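A.B. asks: I'd like to ask some things about the structure below.
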Amino acid sequence: MARIGSETAFEAAARARALEATGRSVIHLEIGEPDFDTPANVRAAAQTALDEGWTHYGPFLGLPALREAIAADATARKGFGATADRVAVVPGGKPVMFFALLALAQEGDAVVYPDPGFPIYESMARYVGATPVPYAITQANDFRVDLDELERLVTDRTRLLIINSPANPTGGVFTREDIERIAELVLRHPEVTVLADEIYGRIVHDGEHVSIASLPGLADRTIVLDGFSKTYAMTGWRMGYAILPPALVDPFAKLIINSVSCVSSFSQVAAIEALTGPQDDVEAMVAEFRVRRTLVVDGLNRIPGIECAVPAGAFYVFPRVRGTGLSGAEFADRLLAETGVCVLSGTAFGSVGAGHVRISYAASREQLAEAIDRIEAFVRG
């Protein structure tokens, strides 16, 4: 248990709610979830499924109809020939990370992952006894991978290479050239499997989302992680999935049976509707995020001491706040205590994030404008 880390967003949210309970006004910009409701057609599908009796155990890898829908959607959107027999449906994206590490890594192995990055990557790598090896994602490099550094870090000990684009916490998006170079590196290391975290793949503002599984020779070397939480505002439904290399389907099946058994059946029926029904709500949500991105980036960059790059995807900004004279951790702590705006320290996502904070712009324009005003008043003193 001493090896397990945590996810600071939930801890910060608890502190913010405690402050709110005292009567303080708090603006929550810490949690990475859309502030929109799940689309009405998806909710209606779940209600109908409940009425029709979809309340029992389902197949451990997921309902066949959902696995087919996921495969068809991935084939159309990600550009590789996904098939239903390679799909595993799980409760959220985190089990995909955990099961991948349990299946592939052990003492003496290395797991190469982004820093700053989702904290569970490092936490679970340590838990299984592997050595976490971070690669830097920096503002100076447009929050993309330094391919030369990655070349040096991937060795014969590496069993899993984790990539995340569009990325949490930076909003960075790898270019097609980046993905092609990573693919070439992986093909030179036959012992390496890629975990491609594509949970924000539909939320791209600039450039394009390129799935590494779409490149020649990589579909059988890549675990594609995706789900419904971010795209369809379904975080509380706990709906994720993996598209797996053939050799990992049976290990994932065993791990699912021994841990979560299956995902709730009525939720899976709703997920089928999410993938196959109208996509208007998704498109509207992404368009709104794009407007909010401009509001937040422009607002932060008018504040002395703060530098905010324009994120290419997801719904986060990762501004550098060193110019205020505060570290990211000090900035986040004081901002909550003194102004009631809750953001996360960049170090919640790795040491490279020092001097930064993460701000989620999954909040209304009015809340974001008020938050910017409070941040500016805090910095200007």
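A.B. asks: Are any residues in the stretch 155-177 out of contact with any helix residue (DSSP H, G or I) (no Cβ under 6 Å at 6 or more places or on another chain) and over 24 Å from Lys230 (Cα atoms), and if so, which ones?
C.D. replies: So in the stretch 155-177, the residues out of contact with any helix residue (DSSP H, G or I) (no Cβ under 6 Å at 6 or more places or on another chain) come out as 155-158, 161, 163-168, 170-177.
Across the stretch 155-177, the qualifying residues are Thr155, Asp156, Arg157, Thr158, Glu177.
A.B. asks: Among the residues of the stretch 315-335, how many are crowded, with 22+ Cβ neighbours inside 10 Å, aliphatic (A, V, I, L, M) and assigned to a helix (DSSP H, G or I)?
C.D. replies: 2
A.B. asks: Do we have Glu52 as open to solvent by less than 90 Å² (accessible area, probe 1.4 Å) and acidic (Asp, Glu) here?
C.D. replies: no
A.B. asks: Quick check on the stretch 30-43. Is at least one of its residues touching a Cys at 6+ places or on another chain (Cβ under 9 Å) and at pLDDT 90 or above? Break it down into steps so the answer makes sense when it comes.
C.D. replies: First pass over the stretch 30-43, keeping only residues touching a Cys at 6+ places or on another chain (Cβ under 9 Å): 30-31.
Still in the running and at pLDDT 90 or above: 30.
Yes, some residue in the stretch 30-43 is touching a Cys at 6+ places or on another chain (Cβ under 9 Å) and at pLDDT 90 or above.
A.B. asks: Looking at the stretch 119-131, I want the residues that are free of Cβ contacts under 8 Å to residues at least 24 places away in the same chain and have a partner that is open to solvent by 20 Å² or more (accessible area, probe 1.4 Å) with Cβ atoms under 6 Å, at least 6 apart or on another chain. Which pairs are those?
C.D. replies: Between residues of the stretch 119-131 that are free of Cβ contacts under 8 Å to residues at least 24 places away in the same chain and residues that are open to solvent by 20 Å² or more (accessible area, probe 1.4 Å), there is no close pair.
A.B. asks: Let me ask something else about it. Six or more apart or on different chains, Cβ under 6 Å: which pairs go from a residue in the stretch 277-294 that's closer than 25 Å to Ala46 by Cβ to one that's open to solvent by 20 Å² or more (accessible area, probe 1.4 Å) and not in a helix (DSSP H, G or I)? Could you list them?
C.D. replies: Met285/Phe36
A.B. asks: Considering the stretch 180-218 alone, what residues qualify as being out of contact with any Lys or Arg (no Cβ under 7 Å at 6 or more places or on another chain), open to solvent by 30 Å² or more (accessible area, probe 1.4 Å) and part of a helix (DSSP H, G or I)?
C.D. replies: Of everything in the stretch 180-218, those that are out of contact with any Lys or Arg (no Cβ under 7 Å at 6 or more places or on another chain), open to solvent by 30 Å² or more (accessible area, probe 1.4 Å) and part of a helix (DSSP H, G or I) turn out to be Glu180, Arg181, Glu184, Leu187.
For (1) farther than 29 Å from Ser6 by Cβ; (2) touching a strand residue (DSSP E or B) at 6+ places or on another chain (Cβ under 7 Å); (3) modelled with pLDDT of 95 or more; (4) not β-branched (Val, Ile, Thr), each residue gets a yes or a no:
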| residue | (1), (2), (3), (4) |
| --- | --- |
| Thr276 | yes, no, yes, no |
| Pro319 | no, yes, yes, yes |
| Arg334 | no, no, yes, yes |
| Cys342 | no, yes, yes, yes |
| Ser364 | no, no, yes, yes |
| Ala371 | no, yes, yes, yes |
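A.B. asks: Taking Leu66 and the conditions (1) closer than 21 Å to Val260 by Cβ; (2) open to solvent by 40 Å² or more (accessible area, probe 1.4 Å), which numbered condition does it fall short on, given that it satisfies the others?
C.D. replies: The number of the failed condition is (2).
A.B. asks: Under 19 Å from Gly92 (Cβ atoms), touching a Lys or Arg at 6+ places or on another chain (Cβ under 6 Å) and not β-branched (Val, Ile, Thr): which single residue out of Leu244, Leu275, Leu225, Leu255 fits that description? I'd like the intermediate steps shown before the answer.
C.D. replies: Numbers: Leu275 fails: touching a Lys or Arg at 6+ places or on another chain (Cβ under 6 Å); Leu225 fails: touching a Lys or Arg at 6+ places or on another chain (Cβ under 6 Å); Leu255 fails: touching a Lys or Arg at 6+ places or on another chain (Cβ under 6 Å).
Of the residues listed, the single one that is under 19 Å from Gly92 (Cβ atoms), touching a Lys or Arg at 6+ places or on another chain (Cβ under 6 Å) and not β-branched (Val, Ile, Thr) is Leu244.
A.B. asks: Taking Val249 and the conditions (1) open to solvent by 60 Å² or more (accessible area, probe 1.4 Å); (2) within 18 Å of Pro59 (Cβ to Cβ), which numbered condition does it fall short on, given that it satisfies the others?
C.D. replies: (1)
A.B. asks: Something else: Could you run through the stretch 13-40 and say how many residues are buried (at least 19 other Cβ atoms within 10 Å of the Cβ) and farther than 11 Å from Thr235 by Cβ?
C.D. replies: Matching residues across the stretch 13-40 total 7.
A.B. asks: Continuing with this model, one more query. Would you be able to tell me the number of residues in the stretch 29-75 that are among the acidic types (Asp, Glu) and within 30 Å of Ile359 (Cβ to Cβ)? Steps first, please.
C.D. replies: We begin by selecting, within the stretch 29-75, every residue among the acidic types (Asp, Glu); these are 30, 33, 35, 37, 51-52, 68, 73.
Among the residues that remain, those that are also within 30 Å of Ile359 (Cβ to Cβ) are: 30, 33, 35, 37.
Total meeting the criteria: 4.
A.B. asks: Could you figure out which of (1) in contact (Cβ under 8 Å) with a residue 12 or more places away in the chain; (2) more than 30 Å from Thr155 (Cβ to Cβ); (3) open to solvent by 70 Å² or more (accessible area, probe 1.4 Å) isn't true of Thr83?
C.D. replies: Of (1) in contact (Cβ under 8 Å) with a residue 12 or more places away in the chain; (2) more than 30 Å from Thr155 (Cβ to Cβ); (3) open to solvent by 70 Å² or more (accessible area, probe 1.4 Å), only one is false for Thr83: (3).
A.B. asks: Given the options Ala362, Ala369, name the one that is under 21 Å from Phe289 (Cα atoms), in contact with a Gly (Cβ under 9 Å, 6 or more places away or on another chain) and assigned to a loop (DSSP other than H, G, I, E, B). I'd like the intermediate steps shown before the answer.
C.D. replies: Values: Ala369 fails: assigned to a loop (DSSP other than H, G, I, E, B).
Testing whether each residue is under 21 Å from Phe289 (Cα atoms), in contact with a Gly (Cβ under 9 Å, 6 or more places away or on another chain) and assigned to a loop (DSSP other than H, G, I, E, B) leaves just Ala362.
A.B. asks: Let me ask another. Can you find a residue in the stretch 11-32 that is hydroxyl-bearing (Ser, Thr, Tyr) and under 28 Å from Val263 (Cβ atoms)?
C.D. replies: So the first thing to find is which residues in the stretch 11-32 are hydroxyl-bearing (Ser, Thr, Tyr), and the list is 22, 25.
If we keep only those that are under 28 Å from Val263 (Cβ atoms) too, we end up with none.
For the stretch 11-32, residues hydroxyl-bearing (Ser, Thr, Tyr) and under 28 Å from Val263 (Cβ atoms): absent.
The values are calculated or read from the model by the stated rules, or taken from the named source; none is laboratory data. Just so it is clear, the structure is predicted and the values come from calculations on it, not from any experiment. Positions of Cβ are generated from backbone atoms using ideal geometry, with glycine treated the same way; all protein chains shown enter the neighbour counts. When the accessible area is computed, the model is the full protein with side chains, heavy atoms only, and any ligands, DNA or RNA have been set aside. Shrake-Rupley method; radii C 1.70, N 1.55, O 1.52, S 1.80 Å.
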